[in-house]
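Below: the structure, in structure tokens.
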Amino acid sequence: MRRDVGCELTFEVLEASLIAFQVAPATSAGSIAEERLEITNGGEPMCSPTEEIVAEHGGRIHLVSAPIGPLFFTYVAALSANPSLSREPVRDAPLSLDAIVSLRQSRYCPSDALAGFATAEFAGSVGDAPDDVALRVASWVFERLAYATGSSGPLDTAIDTLLAGTGVCRDFAHLTITLCRALGVPARLVSVYAPGLSPMDFHAVVEVLTPAGWRVLDPTRLAPRAALVRIATGRDATDTAFATTLRGTAELVASRVFASSEGHLPADDHARPFSLA
């Protein structure tokens, strides 16, 4: 099924900068039929080459050397999405490197600090199947938090979100990941394009490791999982940021994200197991 995705980002570059953009669909997301990347500085097309790096899990990073002045970054793509993954349960499989990394605490997901809380809050989950535990946690986060645009800051961790009781998609994802890790379930964050999301923006969801493979959960329940397009995968928002200034100083001043799907959006009860391509 065809997906049309993209974004327009405007920066004010205050000193010559090196910026890593992570907005293109991952290599696993599907077959790209059309793709366009335009970068202008002060109204003039950028002359310097743009380097593309393929990151873990098929993420694609575009490195841009930006001189001082207004920078306009536009990315547009049309792709045929890969079908969802279907795997048979794997019994007694050894822990992979991905699983080990996805059990560790990380910058925004201090699972060690919430271990006692998670054990007490989800005491009845001890010994249950990983997918059941993860679904219980995601449902709890959905019920516990209020979704409010602009309610959190870029430095907020899962603990801040838990105390505030409110947040945006990345906060919902961080709290879900943190509690899952504290309960022994490998969990990671996936940035996606999400047709049907309102208000439209980059979206963050959660992947958890089960005997049947990685399953995707959206604790916000704001978009059908079958329509999602993977962009980047990592420990938390640190690894999946859509733009990171590696050198210099650049401020994001405006952004627009769009994502649409051919035909009707699929219904999603957010309870059935689903794997993201």
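When residues in region 160-176 are screened for being acidic (Asp, Glu) and crowded, with 19+ Cβ neighbours inside 10 Å, 1 of them pass.
Checking the stated criteria, residue 129 turns out not to satisfy the condition of being at negative phi and modelled with pLDDT of 95 or more.
Looking across region 1-22, the residues that are of a type in the set (Val, Ile, Thr) and more than 19 Å from residue 232 (Cα to Cα) come down to 10, 13.
Could you check how many residues of region 177-192 are surrounded by fewer than 24 Cβ atoms within 10 Å (Cβ to Cβ) and either within 18 Å of residue 212 (Cα to Cα) or free of Cβ contacts under 8 Å to residues at least 24 places away in the same chain (or both)? Steps first, answer last, please.
Keep residues of region 177-192 that are surrounded by fewer than 24 Cβ atoms within 10 Å (Cβ to Cβ), which gives 183-184, 186.
Of the ones still in play, those that are also either within 18 Å of residue 212 (Cα to Cα) or free of Cβ contacts under 8 Å to residues at least 24 places away in the same chain (or both) are 184, 186.
Looking only at that region, the number is 2.
The number of residues in region 1-41 that are polar (S, T, N, Q) and in contact (Cβ under 8 Å) with a residue 60 or more places away in the chain comes to 4. Out of 198, 255, one residue alone is surrounded by fewer than 22 Cβ atoms within 10 Å (Cβ to Cβ), touching a Leu at 6+ places or on another chain (Cβ under 6 Å) and polar (S, T, N, Q). It is 255. Does residue 12 satisfy the condition of being surrounded by fewer than 17 Cβ atoms within 10 Å (Cβ to Cβ) and modelled with pLDDT of 95 or more? In short, yes.
Only residues that are assigned to a loop (DSSP other than H, G, I, E, B), among the aliphatic types (A, V, I, L, M) and farther than 20 Å from residue 231 by Cα were counted across region 248-277, and they come to 2.
The values are calculated or read from the model by the stated rules, or taken from the named source; none is laboratory data. As the structure is a prediction and not an experimental result, all values here were calculated from the model. Methodologically, a virtual Cβ is constructed for each residue, glycine included, from the backbone with ideal geometry; neighbour enumeration extends over all protein chains shown.
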